[in-house]
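Chemist: What follows is a single structure, and I will ask about it in a moment.
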Amino acid sequence: MLLEGLHIPLTTPFHSDGRLHLRKLASNVARYSKSPAAGLIVLALSAEPTLLSDEETREVLATAANGAAPEKVLIAGIARDSVAATLALAAFAATLDYDAILLPLPSILEAQPAADPSLTNLRTREILTYFQTVADRSPLPVILFSGRGNRQLSVHAVIELAAHPRILGLIDAADRPADIASILSAIASIKREVTVTPTFAPVTARMAKAAANTPSPTFISADTLAETYSGMLAVVDAGINSTLLRELPDPAPVQSATPFRTRTKAVGFQIIAAATANLTAALRAGASGIAPALSAAAPQACYEVYAAWKDDDQPLADEKQARLIAAAQLAEDTLGPGGLKFACDLNGYFGGLPRLPHLPPSGEQRSALEHLMHDIRN
């Protein structure tokens, strides 16, 4: 799967009483599908995934998949602490034609052990075993997620996991452009073939399925036309147009090949930058795409950073990024899910309230965020 461009980490809408608001989720997905984003990430860490039951997780995955445009890459955040529970959700995501699963570090492996070499080595083996086992058994390929602090995957772990043929890439929110360059340099020899459209856009699982289920167009061959119409007789009376003397039989249709064409592209291990403050630095270090949490509230503004970088207009890319930083720091870092959801409300997407124990922003915080989001409109 090609992982280029903007991938939007969706938020999870709730009713005021804490129940899932699936209708609003479907509405958000429909709007995001009209944006220039390449893909949608369902239940990333900014979507409060640990506060959902397994049944609610399935409902969110199904609602998003049913509402997304076929050409949008769909990534399912389905991590659980146990390998078995993770694989069960991966199998469910596969039935919905997701393109990949997103795996952060399991919570039971986040806290670092005491400074004992034997314990450190044990924890490293547990981390590698978790990701490698899921990648071995999952029906969908894996994308790693590295967060900040205890949620961060080490450079060594990423390099080792990148060699696995079912691990496609990394979404990195750790804000470490230098490490991205180091990782890509160490695994430069890894090359894989991905399927793309003739214009080098990703071919999603839903696109391929739709093409396979679409009846092939028909045409009438020249030979069939000649045989069918050779017996046609017409007479011309004075002042009367040509008249067919008999009704012609329907020509037999001839099946043609499907018009859905693809090609392949060689890619390496793909890294998507998710730290809003350093998107351009990460892209210059070798990242192939971006996935800032703020893009759920301002997809167009975030896409413009990537578009300017892609067009090699680096000053414009830096300028576009600079106007996002203050709002992102408040919405993502300081206020958390409640702040990000309020930012979504400001731009016409349904954010609503976070699920407890997360809290919504105060009146003063809302005013500050509204001021910072004033020029970041879609």
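The values are calculated or read from the model by the stated rules, or taken from the named source; none is laboratory data. In this text, all values refer to a predicted model and were calculated from it rather than measured experimentally. Here the Cβ positions follow ideal geometry from the backbone for every residue, glycine too, while neighbour counts run over all protein chains shown.
Chemist: So, in segment 70-106, of the ones that are crowded, with 24+ Cβ neighbours inside 10 Å and β-branched (Val, Ile, Thr), which residue ends up nearest to Leu161 (Cα to Cα)?
Modeler: Among those residues, the one meeting the criterion is Ile101.
Chemist: Taking the options Ser33, Ser16, name whichever one is assigned by TED's automatic domain parsing to the domain that holds Thr197 and closer than 24 Å to Arg355 by Cα.
Modeler: Details: Ser33 fails: closer than 24 Å to Arg355 by Cα.
It is Ser16.
Chemist: Condition first: touching a Pro at 6+ places or on another chain (Cβ under 7 Å), aliphatic (A, V, I, L, M), in the same structural domain as Ala38 (by TED's automatic domain parsing) and modelled with pLDDT under 95. Can you find one or more residues in segment 117-129 that meet it? Reasoning before the result, please.
Modeler: Quick first cut of segment 117-129, residues touching a Pro at 6+ places or on another chain (Cβ under 7 Å) only: 119-120, 123.
Imposing the further condition that a residue be aliphatic (A, V, I, L, M) reduces the set to 119.
Subsequent filtering for residues that are in the same structural domain as Ala38 (by TED's automatic domain parsing) retains 119.
Now restrict to residues that are modelled with pLDDT under 95: 119.
Checked against the condition, which is being touching a Pro at 6+ places or on another chain (Cβ under 7 Å), aliphatic (A, V, I, L, M), in the same structural domain as Ala38 (by TED's automatic domain parsing) and modelled with pLDDT under 95, segment 117-129 yields at least one hit.
Chemist: Filtering segment 360-373 down to residues that are under 27 Å from the mean Cα position of the chain (by Cα) and free of Cβ contacts under 8 Å to residues at least 60 places away in the same chain, which residue is surrounded by the most Cβ atoms within 10 Å (Cβ to Cβ)?
Modeler: Filtering first and then ranking leaves Leu369.
Chemist: Among what's in segment 65-84 and is farther than 17 Å from Ala44 by Cα and hydrophobic (A, V, I, L, M, F, W, C), pick the residue that is nearest to the chain's Cα centre (by Cα).
Modeler: Looking only at segment 65-84, we keep the residues that are farther than 17 Å from Ala44 by Cα, and these are 66-67, 69-71, 82-84.
Add one more test, that the residue is hydrophobic (A, V, I, L, M, F, W, C), and what stays is 69, 83-84.
On the way: Ala69: 11, Val83: 23, Ala84: 24 Å.
Out of the qualifying residues, it is Ala69.
Chemist: Quick check on segment 197-212: of everything there that is closer than 21 Å to Ala64 by Cβ and over 16 Å from the mean Cα position of the chain (by Cα), which residue is modelled with the lowest pLDDT?
Modeler: Here the answer is Ala210.
Chemist: Continuing with the same structure: Output the helices (runs of 4 or more DSSP H) that fall wholly within segment 263-378 and possess 1 or more residues being over 23 Å from Arg31 (Cβ atoms), or say none. Before you say what the answer is, go through the steps one by one.
Modeler: Details: elements: 279-285, 299-310, 314-328, 337-346, 363-372.
The helices (runs of 4 or more DSSP H) meeting that bar are 279-285, 299-310, 314-328, 363-372.
Chemist: Confirm whether Ser295 is polar (S, T, N, Q), surrounded by fewer than 22 Cβ atoms within 10 Å (Cβ to Cβ), in the same structural domain as Ile167 (by TED's automatic domain parsing) and modelled with pLDDT of 95 or more.
Modeler: No: the conditions fail for Ser295.
Chemist: Can you find even one residue in segment 175-183 that is surrounded by 11 or more Cβ atoms within 10 Å (Cβ to Cβ), under 19 Å from the mean Cα position of the chain (by Cα), modelled with pLDDT of 90 or more and of a type in the set (Gly, Ala, Ser)?
Modeler: no
Chemist: Can you tell me which residues in segment 158-174 are under 16 Å from Val194 (Cα atoms) and modelled with pLDDT under 95?
Modeler: Across segment 158-174, there are no qualifying residues.
Chemist: Next question. Which numbered condition in (1) modelled with pLDDT of 95 or more; (2) closer than 30 Å to Leu372 by Cα is the only one that Asn278 fails?
Modeler: Going through (1) modelled with pLDDT of 95 or more; (2) closer than 30 Å to Leu372 by Cα one by one, Asn278 breaks only (1).
Chemist: Examine segment 117-134 for a residue that is surrounded by fewer than 19 Cβ atoms within 10 Å (Cβ to Cβ) and within 22 Å of the chain's Cα centre (by Cα), and state whether such a residue exists.
Modeler: Checking segment 117-134: at least one residue is surrounded by fewer than 19 Cβ atoms within 10 Å (Cβ to Cβ) and within 22 Å of the chain's Cα centre (by Cα).
Chemist: Follow-up. For the structure I just gave you, tell me whether Arg19 is surrounded by fewer than 24 Cβ atoms within 10 Å (Cβ to Cβ) and either under 22 Å from Pro292 (Cβ atoms) or among the acidic types (Asp, Glu) (or both).
Modeler: Details: surrounded by fewer than 24 Cβ atoms within 10 Å (Cβ to Cβ): yes; either under 22 Å from Pro292 (Cβ atoms) or among the acidic types (Asp, Glu) (or both): no.
For Arg19, the condition - surrounded by fewer than 24 Cβ atoms within 10 Å (Cβ to Cβ) and either under 22 Å from Pro292 (Cβ atoms) or among the acidic types (Asp, Glu) (or both) - is not met.
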